[in-house]
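All of the numbers you see were taken from the coordinates with simple rules; none came from a lab. Remember, it's a predicted structure, so these values are computed and weren't measured experimentally. Cβ atoms come from the backbone with ideal geometry, glycine included; neighbour counts cover every protein chain shown.
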Amino acid sequence: MSDLARTARRSRRIRSGLRVSGNPPVIPAFFDSLESIHQQLISSHIPDIRTDTLLITADRFLGHALSHNSPHGDFMQVDHRLEALPQSLLHHDIRRLIVDPISLSLPLIMSLNILRATAHNHPHLRLFILAPEHPQGLLRFIAASGPFTVVARQLRTREIYRALAAAAPQPSFPHRWRMSPRLWQIVQAMSEGQSLRSIALVQNLPYHRVVYQLNRLSSLLELTPRRRFLTLLHHLSLPGNML
């Protein structure tokens, strides 16, 4: 009998032995076990991790740095949708809100409008805003737009945590210096390109009164002459992630 014939007969005996014995191959059994364990993990109930801190940012690096490097091991929930903020506050016991509007695609003034409404509806919420130092006047504008504690975004993670962990953080601007609802409406209209005369007509205010309020705000923000204030308004109308 030739070597080829003996090899073929030996192969047939091996295949027949596998069928008769019914022993499954080792490797498929191993992967079946892995799949079984994987399915058990997926189907098992993983309890929710409760946290009282919510971070809104679309910057993955910043979100990871702040949520995974807490000096006290605190867990921080991270979301990237400021528009979903009302629902997040309803379904979670959030007491501290940190917002990074510069990373979002919303116009900055729209983000601030949402946060003003949030602060009004949730007066006990501690609200922090991460903001850059440029363009000029931005930090002071954000601070004057509501009861927010403004934290410089370019700080190191440890320094940001130190600012957030203040025992009793105070808004960056006193209440008497913050923009009133009417002044905020005027600023919003200006950021949309409306003229001062049309704004005065809609607000049912004398034209000189609108000019006076804007001049006072410009001085408060240290943005004089007025063209510097108008430059800031232009930046506010842009998506935050374009600043």
Residue by residue through segment 198-212, the couplings from Karplus 6.51 cos²θ - 1.76 cosθ + 1.60 with θ = phi - 60°, in Hz, x for Gly and Pro, are 5, 5, 4, 5, 5, 7, 6, 10, x, 4, 5, 5, 5, 4, 4
Yeah, segment 181-242 with a ≥ b ≥ c from its alpha-carbon gyration tensor (a/c under 1.5 is rounded, else prolate when a/b outruns b/c, oblate otherwise) is oblate
Two pseudo-spin positions, 7 Å from Cα along C-beta at Gln77 and at His124, lie apart in nanometres by 1.6 nm
Yeah, segment 93-243 with a ≥ b ≥ c from its alpha-carbon gyration tensor (a/c under 1.5 is rounded, else prolate when a/b outruns b/c, oblate otherwise) is prolate
